[in-house]
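Notes for the one structure printed next.
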Amino acid sequence: MTIYVNNQKHEVADALRVDELAASLQLPPQGVAVAVDNRMVPRAEWERTELKADARVVIIKAACGG
Amino acid sequence: MEKLIIAGREFNSRLFLGTGKFNSNEIMEQAILASSTEMVTVAMKRIELNDKNDDMLKHIQHPHIQLLPNTSGVRDAEEAVFAAQMAREAFGTNWLKLEIHPDPRYLLPDSVETLKATERLVKMGFVVLPYCQADPVLCRQLEEAGAATVMPLAAPIGTNKGLQTRDFLRIIIEQAGVPVVVDAGIGAPSHAAEAMEMGASACLVNTAIAVAGDPVEMATAFKEAVVAGRRAYEAGLGTVAHSFEASASSPLTAFLND
């Protein structure tokens, strides 16, 4: 199925979970947050959150700013 | 010097630092350490999947430093709440610099949305430090909504113009029941010292340090200015005369002519 990660198209396995996506993207163990379809998904819920086709995933990290 | 207390946490330093515009993460970290700050802002951006090396966070994580994630980039209260949840998850803190400035030209904060977001975020357990207009009525409303501080601007972000809102800052400071942090527009250590002499609880400085010829030395200069201004405030400044008529500080007996 197709999902979008930070607006980029990704082909992934059906019913991929957020923790599996995080592993495949090699996300660091801290300093990031993930939202699916505009809802923040806490890390503790990653392994029970399945992505649906066309899911819009946003992953953020720290940036410099005042 | 009295300690600054925000939401029950004590701070020895009354200088907050922003992390934008530094030439490198290394210089930023040196400036942070030179300033002795205990509160440092951090913004958020979408992760670039191909870039594993861009990690500014490790340069600002020190045991004595409270991270203050900001919501820069959001346009209204709803987006601010979403950004706040992302920040709390990513950085493990419920402290938040709430900033909602939808207009990119002047980056002036939207008062209506800032107040709305403050009300919601406080209920969600965030320690909210809102960047706001130097509007005494708004600052009262933010305080009533549960803001941990108010952070009125001295001048638009990044302008280095100093205390353009001076008279309103005085009113805000006079009536505030929470710490007043002067944020944005402070361009020189003298501006920071003046804000502190007026009774501001702290100053937030970014551009003036980050774009200085020597950011680390400038960070030290701001540290000293904030301390000097605060000490002067606590010591109690003398009154300013109404006229230019002098008031002697030495005895006027003409000892040479007698």
Please work out if B:Lys58 is closer than 30 Å to A:Gln26 by Cα and either outside any strand (DSSP E or B) or modelled with pLDDT under 95 (or both). yes
Enumeration of residues in the range A:24-33 that are closer than 18 Å to A:Gln8 by Cβ and either surrounded by fewer than 19 Cβ atoms within 10 Å (Cβ to Cβ) or more than 8 Å from chain B (Cβ to nearest Cβ) (or both): A:Ser24, A:Leu25, A:Gln26
Output the number of the condition that B:Thr37 fails; it satisfies all remaining conditions of (1) more than 10 Å from chain A (Cβ to nearest Cβ); (2) part of a loop (DSSP other than H, G, I, E, B); (3) more than 17 Å from the chain's Cα centre (by Cα); (4) within 30 Å of A:Leu27 (Cβ to Cβ). (3)
Restricting the first residue to the range B:143-170 and requiring it to be touching a residue at least 60 places away in the same chain (Cβ under 8 Å), which pairs with a second residue that is assigned to a loop (DSSP other than H, G, I, E, B) meet a Cβ separation below 7 Å and a spacing of at least six or different chains? B:Ala148/B:Ala7; B:Ala148/B:Val178; B:Thr149/B:Val178; B:Thr149/B:Pro179
Which of the residues that make up the range A:1-27 are at negative phi, part of a loop (DSSP other than H, G, I, E, B) and out of contact with any strand residue (DSSP E or B) (no Cβ under 8 Å at 6 or more places or on another chain)? A:Ala13, A:Asp14
Considering only the range A:10-21, how many residues are within 12 Å of chain B (Cβ to nearest Cβ) and surrounded by fewer than 19 Cβ atoms within 10 Å (Cβ to Cβ)? 1
Return the pairs, sorted by first residue and then second, in which the second residue is of a type in the set (Val, Ile, Thr), the first residue lies in the range A:28-39 and is within 15 Å of B:Met56 (Cα to Cα), the beta carbons are less than 7 Å apart, and the residues are 6+ apart or on different chains. A:Val32/A:Ile59; A:Val32/A:Ile60; A:Val32/B:Ile47
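The values are calculated or read from the model by the stated rules, or taken from the named source; none is laboratory data. It should be emphasised that the depicted structure is a prediction, and the values quoted were computed from it without experimental measurement. No Cβ is skipped: glycine too gets one built from the backbone with ideal geometry, and neighbour counts run over all protein chains shown.
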